[in-house]
Amino acid sequence: MLLIPCPWCGDRHETEFRYGGEAHIARPEKPADLSDTEWGDFLFMRTNTKGVFAERWYHSHGCRQWFNVLRHTVSHEILAVYKMGEKRPQLKKTEANS
């Protein structure tokens, strides 16, 4: 069981949320100018990080807000939660390497 700390509602069970993929992906300014390969890369190519990973979550059965989570992909430990538009928090070196 994973408890996800929603910035608005507090700790909630993971079944209340929907995973939104990797955070901080910038949409191309002019998608029509991209080749099919570039567009495919934007849509489908994501990092596959072993360690701390920034991801988006949606509280679909709660406040219906999107937010970002820094989660360790091996231990599933949630290291930080921050609202959309906020900068990614800097982790202590021991947290980032665990």
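In segment 76-98, what residues are under 12 Å from Cys6 (Cα atoms) and either among the hydroxyl-bearing types (Ser, Thr, Tyr) or open to solvent by 90 Å² or more (accessible area, probe 1.4 Å) (or both)?
Across segment 76-98, the qualifying residue is only Tyr82.
Which residue pairs have Cβ atoms under 7 Å apart, sit 6 or more places apart or on different chains, and have a first residue in segment 13-25 that is free of Cβ contacts under 8 Å to residues at least 40 places away in the same chain and a second that is of a type in the set (Val, Ile, Thr) and part of a strand (DSSP E or B)?
Once the first residue is free of Cβ contacts under 8 Å to residues at least 40 places away in the same chain and sits in segment 13-25, its partners that are of a type in the set (Val, Ile, Thr) and part of a strand (DSSP E or B) give Glu14/Ile4.
Out of all the residues in segment 1-16, which are surrounded by 13 or more Cβ atoms within 10 Å (Cβ to Cβ) and in a strand (DSSP E or B)?
Ile4, Pro5, Cys6, Arg12, listed by residue number.
Is it the case that Glu38 is in contact (Cβ under 8 Å) with a residue 12 or more places away in the chain and either of a type outside the set (Phe, Trp, Tyr) or touching a Ser or Thr at 6+ places or on another chain (Cβ under 9 Å) (or both)? Write out each step before concluding.
On the way: in contact (Cβ under 8 Å) with a residue 12 or more places away in the chain: no; either of a type outside the set (Phe, Trp, Tyr) or touching a Ser or Thr at 6+ places or on another chain (Cβ under 9 Å) (or both): yes.
In short, no.
Give the number of residues within segment 17-75 that are under 24 Å from Lys92 (Cα atoms), open to solvent by 100 Å² or more (accessible area, probe 1.4 Å) and either in a strand (DSSP E or B) or among the basic types (Lys, Arg) (or both).
Total meeting the criteria: 1.
The values are calculated or read from the model by the stated rules, or taken from the named source; none is laboratory data. Keep in mind the model is a prediction, meaning the values are calculated, not measured. Don't worry about glycine lacking a Cβ; one is built from the backbone with ideal geometry, like all the others, and counts go over all protein chains shown. Quick note on the areas: whole protein, heavy atoms, side chains included, nothing else; ligands and nucleic acids left out. Shrake-Rupley method; radii C 1.70, N 1.55, O 1.52, S 1.80 Å.
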